[in-house]
Amino acid sequence: MNERDNYWTRVAARSLSRRRVLILAGSSAAAAALAACGGDDDSGGTSGGGNTPGAGNTPGSGGTSNAPAPAWGAMPAGKPGGKATIAYSLDVGTLDPHTPGSGGDSYYLNTLFNALVSLDQLKVSPAVGLAEKWEIADPTTINFTLKKGIKFHDGTPFNAEAVKVNINRILDPALKATWASQLSAIDRVEAVDESTAKFVLKRPDAALLFALSSTYGAGMISPTALNKFGKDIKSNPVGTGAFTLDRWVPGSQVVVKKNPNYWEKDSKGNVLPYLDEVTISPIPDATVRYANLQTGDATMGVIDSKDVSAAEKNSDLVVIKGVPGAAVPAVLHYNFAIGPMDNANLRKAIAWSIDPSVIAKNVYFDLAVPADGAMTTPGSWAFSPVKDRPRYDVAKAKEFLKAGGKPDGFDMEVIAYTSPTISQQTEIYQEMWKKVGINVKVTTQEVSAAVTSFFGPGTQTFPLMSTSWGGTSVEPSTTPTIAWGKEAFYNPAKKPISPELDDLLAKARQTYDDAERKSMYEKIDSIVVADQCVFVPLLYAQPRYVFRKNVGNTEAAYYGGGFLRLQNYYLK
Amino acid sequence: MRAYIIRRMLQFIPVILGITFLVYSTTLMLPGDPVYALAGLNVGQTEYTPEQIERFRKDLGLNDPIPIQYANWLKNAAQGDFGESTRTRRPVTDEVTPRLKVTLQLSVASLLIAIVIGLPAGVAAALWRDTVVDRSITVISVAGVAVPSFWLGIMMILLFSVRLQWLPPSGFVSVFEDPVRSMKLLAMPATILGTGGAAILTRQTRSAMLEVLNQDYIRTARAKGLSSRSVVWLHALKNAMLPIITILGLFVGNLLSGAAIVETIFAIPGLGRLLVASIGIRDFPVIQLLVLIVALSTVIATLLTDVAYAMLDPRIRYR
């Protein structure tokens, strides 16, 4: 054990020093560029998965998280007043909730807008939605009953007609809305009366409610403002959210002020939000973000794994653990159409020879845990561990090599993208593979070049990509839809993973019954991650959110993926 | 003099055309498919069919030969239309203009710091050549060139913000909005950018002054009984100015591009940071305009240098 520790510490130390050099050499510029690609600082991110809403919206007592979810109902009522500043890693590109471009836009949009459906009603966590309830009349008709008396910031009433205007705008191909495809099952919305919106679907789609639950992509904008501002709505956001826009200085800050007419109330019936004013500042450099928290220039913020232990020791600060799987920093993504990874046994040999705990410890300072499931958020309703998924077992890996006809191992070329953490962990994989006789040559490319080389369009030569994924999702269809279907963009082979899988994927989206859906996704996960072994998440990252100690109700960070539930924080 | 300036300006036109063509064509040749970037598609997020992608490609004119694409871009650019940012979907000029103002404030502050430190230090090093003064100035200025700005930036934040709590760690406020806070926020980044320039300026001033101080007319001036101050600052420095101005011109040209790292560290919403972020997400229209601005600023700085030459040295303007 000790010997192994020393060995990996040496490997990690070697790449760590290189990492430090990389970080310094590229300065924070590299981090900023990567962050801009959609992941957060820890995960980098090759995919739009960083945009996955709800990734951080889950109570996760189960799964691999060791922290029990804080009790939502026990949160005390807060004190109104005060100003807060959030030191955040990502900048905002647009304040139009229908055309956001990067996952970072979520925090900004969530202060100003609400979505139609609440995640609470989706059995995930207490959250806010503009619909009181809904009823699935038949598989292609959903009737939403809207909450009454809610007004947009400009005084326009929120009603069925407003819902119709918003959905029509998202579905208009000319807008190129970010979630046009997520909502593509909707044929039309009918405003039956003031508070009833009838959704008529082209086909049943169980993922639709989830899509409607996110302000990122489907936040509700005032129809009056849409008319008034037209294309300029992106800098003149008018929603129903807890805050209204005060000013936006691109690249520097977004300042929002309390919406005095906000409709949500706390446990004692007091009006939310508590804070009078919130400034969100994008600060790309992690060390500088932490400095802002230390000096009190920032009230809350996200920090890098390297600063977490210092923050925990700092008596001015409180560190809150997020949901595991908010990011998936280590993923083996196979192209099963290219040899030698066209052989399932050899794919398994690759996955079973990796010890994720070594990477969790040495690359992520234990802020990530080995993954025991697939791509559904641990602890959420649809999550279950995948039973026979790859674990670290050298003897097993060697058996797979034998079964795959390569008992002495083989040579292979793997692609990775430019990122300090990806380079480090790929280097550790390499050493681990070498121990079972697999010699891997790693090619590293800048992120969008690597994505094109691996997924196409164009010639694809790499059988495996060492990569990361934006995050798990509380909606079990999220990753399968974009990566596991035979024509999905992130299926590099562009053919079915197994004969029955595409059928299963289609069926799982057509039923609204949760128990049935859950068991279908268990089967899907087991085919993709265990049996076929074409997409293997190795780690779930558990982010940390930092608060000055005078902030109250910080538990909300757990549910709110950090700062999504800004209306619940107050200053003591 | 005017004829000279006009002649120099005309000479820069082909330079600018050459730069814009290179910028335009190289961004298209980068790895990765530009249709995703230019159409503002979120790869994988949305399920676009190959036919739709092909239509975007056609709409954007990406199937045309590069010279034709370039000619179209140039035609629009000449009318001030640089396209829309693919990330924010706002006109590129709207994205860039506010940030240009920010970077200009930072640049002016750093330039002042560079001159205020660099010139006197260089003159002092030359006057007290080979003494302790000269050697210390040499060591400090070599260090000033060698110390990387990101390291210095983080160290200053840790010292002045976290430890001493004298200055806010990061951010930006326009000097026209809140002068006091603006100075506090600009102090560290401007010092870092400025000292880098000051170091080079010191070295250049020292050697230029040394050369001039050995000339006959300096000895004559001293022999006439002029005060030492007027000899050094009027007679010697004016004649040592040419190489110093050259360095200053280069420094100004580099300020915009060199600010990228400092702006990223101090979370300043300037051009450099926008450039870095835009490259990361392949926001081609923004990248194209920013590179054009950097190129133009270098060209303008060179032009100003030439004009300053002509003013200082009549031999140049009559050649």
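The values are calculated or read from the model by the stated rules, or taken from the named source; none is laboratory data. All figures in this text were calculated on a predicted structure; none of them were measured in a lab. Cβ placement follows ideal geometry from the backbone for every residue including glycine, while neighbour counts extend to all protein chains displayed. What goes into the accessible areas is simple: the full protein's heavy atoms, side chains included, and nothing from ligands, DNA or RNA. Shrake-Rupley method; radii C 1.70, N 1.55, O 1.52, S 1.80 Å.
Of the conditions (1) touching a helix residue (DSSP H, G or I) at 6+ places or on another chain (Cβ under 8 Å); (2) part of a helix (DSSP H, G or I); (3) modelled with pLDDT under 85; (4) not aliphatic (A, V, I, L, M), residue B:282 satisfies every one except a single condition; which number is it?
(2)
Which residues, counting only those in segment A:218-256, are over 18 Å from residue A:159 (Cα atoms) and of a type in the set (Ser, Thr, Tyr)?
Across segment A:218-256, the qualifying residues are A:235, A:244, A:252.
Identify all residues within segment A:276-290 that are outside any strand (DSSP E or B), within 14 Å of chain B (Cβ to nearest Cβ) and not aliphatic (A, V, I, L, M); write none if there are none.
The answer is A:284, A:285, A:287, A:289, A:290.
Hey, can you tell me all the residues within segment B:156-173 that are within 24 Å of residue A:91 (Cα to Cα) and either in contact with a Phe, Trp or Tyr (Cβ under 6 Å, 6 or more places away or on another chain) or not in a helix (DSSP H, G or I) (or both)?
B:167, B:168, B:169, B:170, B:171, B:172, B:173 - these are the residues of segment B:156-173 that are within 24 Å of residue A:91 (Cα to Cα) and either in contact with a Phe, Trp or Tyr (Cβ under 6 Å, 6 or more places away or on another chain) or not in a helix (DSSP H, G or I) (or both).
Can you find a residue in segment A:361-380 that is open to solvent by less than 10 Å² (accessible area, probe 1.4 Å) and touching a Gly at 6+ places or on another chain (Cβ under 6 Å)?
Yes: segment A:361-380 contains one or more residues that are open to solvent by less than 10 Å² (accessible area, probe 1.4 Å) and touching a Gly at 6+ places or on another chain (Cβ under 6 Å).
How about segment A:404-436: which of its residues are under 19 Å from residue A:363 (Cα atoms), among the charged types (D, E, K, R) and either under 29 Å from the mean Cα position of the chain (by Cα) or modelled with pLDDT under 95 (or both)?
Within segment A:404-436, just A:427 meets the criteria.
Cβ-Cβ below 8 Å, separation at least six or inter-chain, first residue in segment B:254-268 and more than 11 Å from chain A (Cβ to nearest Cβ) and of a type in the set (S, T, N, Q), second open to solvent by less than 10 Å² (accessible area, probe 1.4 Å) and not in a loop (DSSP other than H, G, I, E, B): which pairs?
Taking only residues 6 or more apart or on different chains, the pairs are B:257/B:272.
Here's a check for you: in segment A:437-467, which residue that is part of a loop (DSSP other than H, G, I, E, B) and crowded, with 16+ Cβ neighbours inside 10 Å is modelled with the lowest pLDDT?
The selected residue is A:446.
Quick check on segment A:233-275: of everything there that is among the hydrophobic types (A, V, I, L, M, F, W, C) and within 14 Å of another protein chain (Cβ to nearest Cβ), which residue is surrounded by the fewest Cβ atoms within 10 Å (Cβ to Cβ)?
A:249
For segment B:76-104, give me each residue that is closer than 15 Å to residue B:185 by Cα and crowded, with 20+ Cβ neighbours inside 10 Å.
Result: B:102, B:103.
Report yes if residue A:416 is surrounded by 20 or more Cβ atoms within 10 Å (Cβ to Cβ) and either at positive phi or in a strand (DSSP E or B) (or both), otherwise no.
Against the criterion (surrounded by 20 or more Cβ atoms within 10 Å (Cβ to Cβ) and either at positive phi or in a strand (DSSP E or B) (or both)), residue A:416 qualifies.
Six or more apart or on different chains, Cβ under 7 Å: which pairs go from a residue in segment A:170-181 that's more than 9 Å from chain B (Cβ to nearest Cβ) and free of Cβ contacts under 8 Å to residues at least 24 places away in the same chain to one that's β-branched (Val, Ile, Thr) and not in a loop (DSSP other than H, G, I, E, B)? Could you list them?
Note: pairs meeting the criteria are A:171/A:186.
Among the residues of segment A:313-323, is there at least one that is under 17 Å from the mean Cα position of the chain (by Cα), open to solvent by less than 30 Å² (accessible area, probe 1.4 Å) and modelled with pLDDT under 95?
Taking every residue of segment A:313-323 in turn, at least one turns out to be under 17 Å from the mean Cα position of the chain (by Cα), open to solvent by less than 30 Å² (accessible area, probe 1.4 Å) and modelled with pLDDT under 95.
Regarding residue B:135, is this residue away from chain A (no Cβ under 14 Å), touching a residue at least 60 places away in the same chain (Cβ under 8 Å) and open to solvent by 70 Å² or more (accessible area, probe 1.4 Å)?
no
Looking for whichever is among the β-branched types (Val, Ile, Thr) and farther than 24 Å from residue B:203 by Cβ here; the options are B:133, B:102. Which one fits?
B:102
Restricting attention to segment B:269-278, which residues are of a type in the set (A, V, I, L, M, F, W, C) and either more than 8 Å from chain A (Cβ to nearest Cβ) or within 21 Å of residue B:201 (Cα to Cα) (or both)?
Residues satisfying the conditions are B:271, B:275.
Determine, yes or no, whether residue A:537 is part of a loop (DSSP other than H, G, I, E, B) and open to solvent by less than 10 Å² (accessible area, probe 1.4 Å).
No, not satisfied.
Of the residues B:121, B:143, only one is away from chain A (no Cβ under 14 Å) and open to solvent by less than 30 Å² (accessible area, probe 1.4 Å); which?
Just one listed residue meets the conditions, B:121.
Among the residues of segment A:147-187, which ones are open to solvent by 50 Å² or more (accessible area, probe 1.4 Å) and more than 29 Å from the chain's Cα centre (by Cα)?
Across segment A:147-187, the qualifying residues are A:148, A:149, A:151, A:154, A:157, A:161.
Which residue is farthest from residue A:493 (Cα to Cα), if the candidates are limited to segment A:432-467 and must be in contact (Cβ under 8 Å) with a residue 60 or more places away in the chain and among the β-branched types (Val, Ile, Thr)?
Across segment A:432-467, the extreme among qualifying residues is A:436.
Return the residues of segment B:209-253 that are open to solvent by less than 90 Å² (accessible area, probe 1.4 Å), without any contact (Cβ under 8 Å) to a residue 24 or more places away in the chain and assigned to a loop (DSSP other than H, G, I, E, B); say none if nothing qualifies.
Residues satisfying the conditions are B:225, B:226, B:227.
If you take the residues of segment A:468-509 that are in contact (Cβ under 8 Å) with a residue 40 or more places away in the chain and surrounded by fewer than 17 Cβ atoms within 10 Å (Cβ to Cβ), which of them is farthest from the other protein chains (Cβ to nearest Cβ)?
Step by step, filter segment A:468-509, then rank; the result is A:495.
Residues checked against (1) of a type outside the set (S, T, N, Q); (2) out of contact with any strand residue (DSSP E or B) (no Cβ under 9 Å at 6 or more places or on another chain); (3) under 30 Å from residue A:93 (Cβ atoms); (4) open to solvent by 10 Å² or more (accessible area, probe 1.4 Å):
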{"site": "B:278", "(1), (2), (3), (4)": "no, yes, yes, no"}
{"site": "B:290", "(1), (2), (3), (4)": "yes, yes, yes, no"}
{"site": "B:294", "(1), (2), (3), (4)": "yes, yes, yes, yes"}
{"site": "B:300", "(1), (2), (3), (4)": "yes, yes, no, yes"}
{"site": "B:303", "(1), (2), (3), (4)": "yes, yes, no, yes"}
{"site": "B:307", "(1), (2), (3), (4)": "yes, yes, no, yes"}
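Restricting attention to segment B:166-177, which residues are surrounded by 12 or more Cβ atoms within 10 Å (Cβ to Cβ) and either within 16 Å of residue A:298 (Cα to Cα) or within 13 Å of chain A (Cβ to nearest Cβ) (or both)?
B:167, B:168, B:169, B:170, B:171, B:172, B:173, B:174 - these are the residues of segment B:166-177 that are surrounded by 12 or more Cβ atoms within 10 Å (Cβ to Cβ) and either within 16 Å of residue A:298 (Cα to Cα) or within 13 Å of chain A (Cβ to nearest Cβ) (or both).
Can you name the strands (runs of 3 or more DSSP E) wholly within segment A:297-411 that have at least 1 residues being farther than 27 Å from residue A:523 by Cβ and among the charged types (D, E, K, R)?
In segment A:297-411, A:317-321 are the strands (runs of 3 or more DSSP E) which contain 1 or more residues that are farther than 27 Å from residue A:523 by Cβ and among the charged types (D, E, K, R).
Which of the residues spanning segment A:128-146 are open to solvent by 50 Å² or more (accessible area, probe 1.4 Å) and under 11 Å from residue A:116 (Cα atoms)?
A:132, A:133, A:134
Working only within segment B:77-115, note down all residues that are in a helix (DSSP H, G or I), within 14 Å of another protein chain (Cβ to nearest Cβ) and touching a Leu at 6+ places or on another chain (Cβ under 8 Å).
B:92, B:93, B:95, B:96, B:99, B:100, B:102, B:103, B:105, B:106
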